[in-house]
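Below is one structure, written out as structure tokens; the observations come after it.
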Amino acid sequence: MTCIFCQIAVRRLPADILYEDDDLIVFKEVNPEAPIHLLIVSRVHIDTLNSLDEQSVGLMAKMVLVAKRIAEDLKTQSGYRLVINCGREAGQVVLHLHMHFMGGWRKK
Ligand code: 5GP
Ligand code: ZN
């Protein structure tokens, strides 16, 4: 298993995990670009958004819902940004589907 996020998901590599369930795992970005910068990561290995299909698209809804709940829990509802980079050209470095959660500039 060479994928970094797959290894984090099975706890073979360390991460500062804030949340996990059967489908997703959420941990702190190692190189944050916002006061709160988290990665919402699918448990199953899907390389990019381009590989989503009818069966896996539900993951996206779950990612957004988890992001909303995190914003509530961390009291950052006043502003947060969700970003998915798709492909190298867009800056995707880790080829395992994930959403960036950025916020915390001004906590409510
Ligand atoms: P991408 O550019 O692929 O959308 O985002 C991948 C992100 O994962 C990068 O911002 C990078 O800093 C982060 N990252 C890479 N390796 C690790 C790691 O081992 N642990 C954590 N927490 N983040 C990582
Ligand atoms: Zn993976």
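The values are calculated or read from the model by the stated rules, or taken from the named source; none is laboratory data. Here the structure is a predicted model, which means the values were calculated and not measured. Glycine also receives a Cβ, built like all others from the backbone with ideal geometry; neighbour counts cover every protein chain displayed. What goes into the accessible areas is simple: the full protein's heavy atoms, side chains included, and nothing from ligands, DNA or RNA. Shrake-Rupley method; radii C 1.70, N 1.55, O 1.52, S 1.80 Å.
Distance between the pseudo-spin-label points of V94 and Q7 (7 Å out from Cα toward the beta carbon): 1.1 nm. Short-range pairs are left out: with C-alpha atoms under 8 Å and at least six residues apart, the relative contact order of the chain is 31 percent. Each label point was placed 7 Å from the Cα along the Cα-to-Cβ direction; for D73 and V30 their separation is 2.2 nm.
The GluC sites (Glu not before Pro) found in the stretch 22-82 that occupy coil by DSSP, while having at most 14 further C-beta atoms within 10 Å, are E33, E54. Split the accessible area of the chain by element, probe 1.4 Å, and carbon with sulfur accounts for 51%. Please say if the stretch 37-92 is rounded, prolate or oblate, where rounded means a/c under 1.5 for a ≥ b ≥ c the square roots of the C-alpha gyration tensor eigenvalues, and otherwise the choice is prolate for a/b larger than b/c and oblate otherwise? Taking the square roots of the gyration eigenvalues as a ≥ b ≥ c, the stretch 37-92 is oblate.
With an a/c value under 1.5 for the gyration tensor axes a ≥ b ≥ c computed over the alpha-carbon atoms, the stretch 4-103 is described as rounded. Rolling a 1.4 Å probe over the protein heavy atoms gives the chain an accessible area of 61 Å² per residue. Summed over qualifying helices (DSSP H, 4 residues or more, each -39500 (n - 2.57)) and divided by its residue number, the chain shows a 222 nm mean residue ellipticity of -6000 deg cm²/dmol.
Relative to the longest principal axis of the Cα atoms of the chain, the long axis of helix 58-73 makes an angle of roughly 30 degrees.
Toward the positive end of the charge dipole of the stretch 53-108, with +1 on the Cβ of Lys and Arg and -1 on the Cβ of Asp and Glu, the farthest Cα among L95, L59, L82 is that of L82.
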